[in-house]
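Everything on this sheet refers to the single structure shown next.
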Amino acid sequence: MAAIEMNHIVKRYGDGYPAVNDVSLDIADGEFMILVGPSGCGKSTLLRMIVGLEDITSGDMVIGGTRVNDKAPRERNLSMVFQNYALYPHLTVYENIAFPLRLAKVPDAEVRAKVEQSASILELHEHLQRKPANLSGGQRQRVAMGRAIVRDADAFLFDEPLSNLDAKLRGQMRAEIARLQRRLGITTVYVTHDQTEAMTLGDRVCVLRKGVVQQVASPRELYEQPANLFVAGFIGSPPMNFLPASAANGKLDTPFGPITLDESRAARVGDRDLVLVGVRPEMFEDASLVDEALLDRGARFSAQVDVTEWLGDSQYAYLPYESSPEAAAKLKELARELDGDQLRTQAIVSIDSASRIREGSEAEFWFDTRRIHVFDPQSGENLTRDEAAGAELTRQAGEDRRAQVERARARATVSA
Amino acid sequence: MSTREKVGWGVGGLLIVAYCLFPIAWIVSLSFKSSSDISNGSFLPTVATNENYAQILTGDAAELFLPALRNSFGICLIATAIACLLAMFAAYAIARLDFPGKKLILSTALAVAIFPVISIVTPLFNLWREIGLYDTWLGLILPYLSLTLPISIWTLSAFFREIPWEMEQAAQVDGATPWQAFRKVIVPLAAPGVFTTAIIAFFLAWNDFVYGISLTSTSASRPVPAALGLFTGASQFESPTGPIAAAAVLVTIPVVVLVLIFQRRIVAGLTNGAVKG
C-alpha cells in the first residue's frame, strides 16, 4: 500500500499537444480516487503515466515515497484492470490469475493458495479451468480483477473497467468494486467518464478538462459547491441548467423572472451584464405541490411546457426560453465541451411524479433560490462558491469513509 | 433456401471442385498406367499397375528420386524454420516498435519477393561456384530464404498487428520483462499465424524449380522438382510420363499431410475472449 503523489505532471505528444497539463494531485494511502472528464480530457493518459505505460514529459510521479518516473511498469508494483480486460486467451482462468505470481517465481503451493483466495473473493471457483473465450462479460471482468488482487500490489488502477458491460451488470460490478476496495483498503485510482461511477465509488473525484485539473473534492462538494461552470455542468444528470441573466443591485434578471440574492452573495456577484445562473433540475418544483412555508424561500414563475417525461419515480419537464445570441453561443460552446449538443435553449426541471402538469400547457413553477450558483460566463468561475461549506463536506466524507473502512475490516476479521 | 436453389448451389460447387481436381485426378490416373497404356485414349488405365511407383522407389529412378526427396525435405524444413524465426522478430518489431526505416524494410521485403528469380540465378550460379556453395544444402537454403522471408514478414506482421497491444501491456504491469511478455503472451497468441506462415513458406521452397535445377549438379543437394526434370524413359524414344506422374503424386502427399496436421492449429478466433466480447 502506498500514497501516490503527482507534482506538475505534463504529457506532451510529438505534435506539442499537451494531453495532460501541469497536474498536481495527492492520493492518500488507501484512498479511492476517481479521474473523470469528457472524452479526450487526458484521464486515461494520466492513469497510464501512473502505471508506467506512458512516458512522463515533465514533473514527478512519486509512489510510496519513491520517484518512479524512470521505472518500468514491472518495477512499480501496481496492478491494473484494463478497459477491455486484456485477459490472456491461451491460458485458463486459473493461469490468468496466477500469471503475476508465476512471473515472480512464487512456489506452486503458494500460488494455489493465493489464486484460491482471490477466486473465492470474486466467486470464480467453478470457472477456474475454463478459458476466457467461454466466459460472459461479467465473468471476464471478475477474472481481470482477480489477476489484479492476487498479488500484494501497492495500488489498483482501473481504466474504465465497466464500460463494456450492460447497465444491470454494471450496477452489480460497481457495488462489487466498492466492497472489494473497502475490504482490502488499497489505494485505488479509477478512470471513468460515467458520473454515476464517479459519484458512488470515489472518496474524492478529480475532474479533468483538456488535461487540466478543474476541481478535486468529494462527490458531495462537487455537486453542491462546484468550482466552475465546467464542473457544474459535468456533474449531475440531468445536468445543471444555466440561465442567462443580468445582475444589478443584488437582483438577477433571468428568463424565468427576477431572483433576489442574499447580501453576501449579492456583494460577490456585483453588477454584471451577463452571468449564468446555475439551477439544478431538482431545485425546481410544480408550484401547486410546494409547501406553503417554502414558497417564499424561492421564486415563482410561469412557463410554457414543451415536453414532459414521466419515469415513474420522477418526472422531467422541458421549458424553452428566449436568450440573447451572446448567451446562446456561450451555452452552445459549453454543451459541446461536455460531449453534448444543445439544439435549443431550454431548462430541464424535475417535478413530482404526481404532478398533473402536461406538455403544451402553461404552468406555474417554483424554484429554491438558496442553492443556486452564479457563474461568470467568461472565466467560468463560480462567483457564489462557499469554500468553507465545500471543505466541510469533503471533511465529512473523509470521516464517513474512515468509519466505513474500519467497519469493513472489523467484519472481515470476524468472518475470518 | 428452396430445394431448387440448394440443388443449384450443389451442382455449381461440384462443377468447380471437379474443374480444380481434374488435373490431379489425371496425374493419379497416369501414375497407375503402364508405359504402353499412357496413350490409350481413355481417362482410366486399362489395367492399374504400380510399376511406375516401383521404378522410382526401388528401380532405375530410385537413385535419382530418393536422395532428392531427402534433400527437398531437409532443405525446405531448415529454410522454413529459419525464415519463421527471423520473420517473427522482424514482424514483431514492425508491428510494435516505431523506428526509422520501417517502411523501407517492408517495401524492400516486397521488392525482393517480386524480383524475378530467373534474373539472379545466373550471377548466383557464378558466385556460388566461386565461394564453394554450389551444389550444397546451404547453397539452396540461402536463396530459399529470399523466397520465404518476405512473405513470412508480411503475413506475420499482419498477425502481430491483430494481437491487442493491451495484452502485452497487461503482462508488463503484471511484472513481465519485454522478453517475457513476448515469449509468454505474444508468441502463444501468434502461434496460428506462425503455423500459417510456416506452411506458406514451406510450399514456396518445396515448389521451387529454377534454383533447384541451376544451383545443383548431383544428388548431394538436388531437390525433387529438379530431379523430376532429369527422369529419362526406358529408351530415348519414350518419355518418362508414368514415373514423373508417380513422383508428382508422392511429392504432393507431404504437402497434403502438412496442411491436415496444421489445419487444427490454424483455428480462427483463438484470440476470442481476450478482449471484450
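When each of B:Ser146, B:Ser107, B:Ser157 is tested for being in contact (Cβ under 8 Å) with a residue 40 or more places away in the chain and within 30 Å of B:Trp179 (Cα to Cα), the lone residue that passes is B:Ser157.
Answer yes or no: is there a residue in the stretch B:169-181 that is more than 8 Å from chain A (Cβ to nearest Cβ), out of contact with any Cys (no Cβ under 9 Å at 6 or more places or on another chain) and touching a residue at least 60 places away in the same chain (Cβ under 8 Å). No, because not a single residue in the stretch B:169-181 is more than 8 Å from chain A (Cβ to nearest Cβ), out of contact with any Cys (no Cβ under 9 Å at 6 or more places or on another chain) and touching a residue at least 60 places away in the same chain (Cβ under 8 Å). A:Ile121 - would you say it is assigned by TED's automatic domain parsing to the domain that holds A:Ile63, closer than 23 Å to A:Leu46 by Cα and crowded, with 16+ Cβ neighbours inside 10 Å? No: the conditions fail for A:Ile121. The set of residues in the stretch A:144-178 that are assigned to a helix (DSSP H, G or I) and within 11 Å of chain B (Cβ to nearest Cβ) comprises A:Ala144, A:Arg147, A:Ala148.
Taken as a whole, the condition of being farther than 16 Å from A:Phe230 by Cβ, modelled with pLDDT under 85, surrounded by 15 or more Cβ atoms within 10 Å (Cβ to Cβ) and over 20 Å from the mean Cα position of the chain (by Cα) does not apply to A:Ala410. Among the residues that make up the stretch B:143-161, is at least one of them within 14 Å of chain A (Cβ to nearest Cβ) and of a type outside the set (Phe, Trp, Tyr)? For the stretch B:143-161, residues within 14 Å of chain A (Cβ to nearest Cβ) and of a type outside the set (Phe, Trp, Tyr): absent.
Taken across the stretch A:71-85, residues that are within 13 Å of another protein chain (Cβ to nearest Cβ), more than 27 Å from the chain's Cα centre (by Cα) and buried (at least 20 other Cβ atoms within 10 Å of the Cβ) do occur, with at least one present. Which of the residues spanning the stretch A:115-134 are more than 15 Å from A:Arg151 (Cβ to Cβ), more than 14 Å from chain B (Cβ to nearest Cβ) and in a helix (DSSP H, G or I)? Result: A:Ser120, A:His125, A:Glu126. Applying the set (1) out of contact with any Lys or Arg (no Cβ under 6 Å at 6 or more places or on another chain); (2) at pLDDT below 90; (3) surrounded by 14 or more Cβ atoms within 10 Å (Cβ to Cβ) to A:Ser237 leaves exactly one unmet item: (3). Of the residues in the stretch A:376-401, how many are hydroxyl-bearing (Ser, Thr, Tyr) and surrounded by fewer than 13 Cβ atoms within 10 Å (Cβ to Cβ)? Qualifying residue count for the region: 1. Among the residues making up the stretch A:197-234, a single one is surrounded by fewer than 22 Cβ atoms within 10 Å (Cβ to Cβ) and of a type in the set (Gly, Ala, Ser): A:Ala227. In the set A:Thr308, A:Thr384, A:Thr394, A:Thr369, only one residue is farther than 30 Å from A:Gly185 by Cα, at pLDDT 85 or above and touching a helix residue (DSSP H, G or I) at 6+ places or on another chain (Cβ under 7 Å); that residue is A:Thr384.
Is it fair to say B:Asp135 is touching a Pro at 6+ places or on another chain (Cβ under 9 Å) and not aromatic (Phe, Trp, Tyr)? Taking the combined requirement at face value, the residue does not satisfy it.
When A:Glu309, A:Glu333, A:Glu285 are checked against the criterion of being under 19 Å from A:Arg371 (Cα atoms) and either within 23 Å of the chain's Cα centre (by Cα) or in a strand (DSSP E or B) (or both), A:Glu285 stands alone in meeting it. Annotation: B:Glu166 fulfils all but one of (1) out of contact with any Gly (no Cβ under 8 Å at 6 or more places or on another chain); (2) at pLDDT 90 or above; the unmet one is (2).
Considering A:Leu208, A:Leu222, the condition of being modelled with pLDDT of 90 or more, in a helix (DSSP H, G or I), of a type outside the set (Asp, Glu) and more than 22 Å from A:Glu406 (Cα to Cα) is satisfied by A:Leu222 alone.
For the stretch A:2-26, name all the residues that are of a type outside the set (Lys, Arg), out of contact with any helix residue (DSSP H, G or I) (no Cβ under 9 Å at 6 or more places or on another chain) and in contact (Cβ under 8 Å) with a residue 40 or more places away in the chain. Listed by number, the residues that qualify are A:Ala2, A:Ala3, A:Glu5, A:Asn7, A:His8, A:Val10, A:Pro18, A:Asn21, A:Asp22, A:Ser24. Taken over the stretch B:123-143, the criterion of being in contact (Cβ under 8 Å) with a residue 40 or more places away in the chain, part of a helix (DSSP H, G or I) and not β-branched (Val, Ile, Thr) is satisfied by B:Leu124, B:Phe125, B:Trp128, B:Trp137, B:Gly139, B:Leu140, B:Pro143.
Being at negative phi, among the aliphatic types (A, V, I, L, M) and not in a strand (DSSP E or B) is true of A:Ala293. Scanning the stretch A:99-114 for residues that are more than 10 Å from chain B (Cβ to nearest Cβ) and surrounded by 18 or more Cβ atoms within 10 Å (Cβ to Cβ) yields A:Val111, A:Lys114. The stretch A:30-114 holds strands (runs of 3 or more DSSP E) entirely within its bounds, and those carrying 2 or more residues that are more than 21 Å from B:Gly175 (Cβ to Cβ) map to A:32-36, A:58-63.
Residue-by-condition table, conditions (1) touching a helix residue (DSSP H, G or I) at 6+ places or on another chain (Cβ under 8 Å); (2) of a type outside the set (Val, Ile, Thr); (3) loosely packed, with under 13 Cβ neighbours inside 10 Å:
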{"position": "B:Leu64", "(1), (2), (3)": "yes, yes, no"}
{"position": "B:Ala79", "(1), (2), (3)": "yes, yes, no"}
{"position": "B:Ala83", "(1), (2), (3)": "yes, yes, no"}
{"position": "B:Ser107", "(1), (2), (3)": "no, yes, yes"}
{"position": "B:Leu124", "(1), (2), (3)": "yes, yes, no"}
{"position": "B:Arg129", "(1), (2), (3)": "no, yes, no"}
{"position": "B:Ser146", "(1), (2), (3)": "yes, yes, no"}
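Confirm whether A:Phe242 is touching a residue at least 60 places away in the same chain (Cβ under 8 Å), under 21 Å from A:Glu387 (Cβ atoms) and not assigned by TED's automatic domain parsing to the domain that holds A:Lys11.
Values: touching a residue at least 60 places away in the same chain (Cβ under 8 Å): yes; under 21 Å from A:Glu387 (Cβ atoms): no; not assigned by TED's automatic domain parsing to the domain that holds A:Lys11: yes.
No: the conditions fail for A:Phe242.
All conditions in (1) over 19 Å from A:Glu381 (Cα atoms); (2) surrounded by 14 or more Cβ atoms within 10 Å (Cβ to Cβ); (3) out of contact with any Pro (no Cβ under 7 Å at 6 or more places or on another chain); (4) not acidic (Asp, Glu) hold for A:Asn249, with the sole exception of (2).
The values are calculated or read from the model by the stated rules, or taken from the named source; none is laboratory data. No experiment lies behind these values; they were computed from the predicted model shown. Note: ideal-geometry Cβ built from the backbone for every residue, glycine included; neighbour counts use all protein chains shown.
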